[in-house]
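FYI, it's all coordinate maths here, none of it is from the lab. From a predicted model like this one, the values you see are computed outputs, not experimental measurements. When we count neighbours, we look across all protein chains shown, and the Cβ atoms used for this are built from the backbone with ideal geometry, even at glycine.
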Amino acid sequence: MFGRGAVLKARTAEAAPRVAHTSPNSIAGYFTQIMAVADTEVRKLRHDPSELFTRAIQPAIWLLLFGQVMAHVRGLGIENGRYLDFLAPGILAQSVLFSAIFYGIAAIWERDLGVLHRYMVSPAPRTALVLGKAVSSGVRGLVQAVIVYLLAIAMGIAISFDPANILGAAAMIVVGSALFSTFSLIVACIVKTRDRFMGIGQVLTMPIFFASNAIYPIDLMPSWLRAISSANPLTYEVDALRSLMLVGSKSQYGLLTDFGVLVAFTAVFTLIAARLYPRLTT
């Protein structure tokens, strides 16, 4: 008879990444390590399909309830009065944010289960471990995108079906999700406990969301909030999604600027998270 400890170890071993026998110093080996970690994380989503249903609830509430009410409010400064069109990309970005920002709690669970120690003794560079989790977060973000797109189509929102626009929106979602998931890992490495992480995560998400152009135009903001919004990466993600998702919409900052800002933030957060990641085990 195996005790509960033996069962837990077996599950931990199964959850640990299967590292390919390639040199982590080569480019191919580096990307193999990233995809090995990402595959491990994505398998968790496949084993819990009910999570797909729960992920649909939040954007549906925002679009069906909040969007319908705010669409009748005058003075929002939305062209042609199509507030739901304006809102849909912001809700997609919000869904990705809320999903990714709590990604770090999974790392704390992995530490408690012993999985994180297996990551640490693997030959994979720390940046590969962080990027692997970022890629898997991007996959989850794409699931959110499918849900929001379907809701938007059902509500008659002017969605662009241009393949280039859809691919561009998918790329922005992946990068945006990677950005906030690496930021989440940084927070997890600093606070180290689930209770603290949940509290800080809730404190961070609301200011990031409301200090962006997700649910109202930047022109309506006071000057001090505009300055904060211009330094908020979510603003650039929403700006890009709005121009790519909607027919006839244009980017305020330019798609190259939007993409460049998100990539720059992701690169910085990845390096910081890779540096702090081993501290989570102590």
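Just a few scattered comments:
- Once both labels are positioned 7 Å from their Cα atoms along Cα-to-Cβ, the gap between Leu204 and Ala154 label points is 3.2 nm.
- One chain, two ends: Leu225 and Arg275. Fully extended at 0.36 nm per residue, the span grows by 14.8 nm beyond their Cα-Cα distance.
- For a label point 7 Å along the Cα-to-beta-carbon line of Leu255, residues of the stretch 171-203 with backbone N under 16 Å: 171-176
- Taking 18 Å as the cut-off, the amide N atoms of the stretch 121-140 that come nearer than this to a point 7 Å along the Cα-to-beta-carbon line of Asp39 belong to 122-125, 128-140.
- FRET efficiency, 1/(1 + (r/R0)^6) with R0 35 Å, evaluated for Ile190 and Leu142 via beta carbons: 0.80
- Sorted peptide list for 221-229, 87-95, 184-192, 245-253, criterion being average Cβ within 10 angstrom, highest first: 87-95, 184-192, 245-253, 221-229
- Relative contact order (%) - the stretch 202-254, alpha-carbon pairs under 8 angstrom, separation at least six: 29
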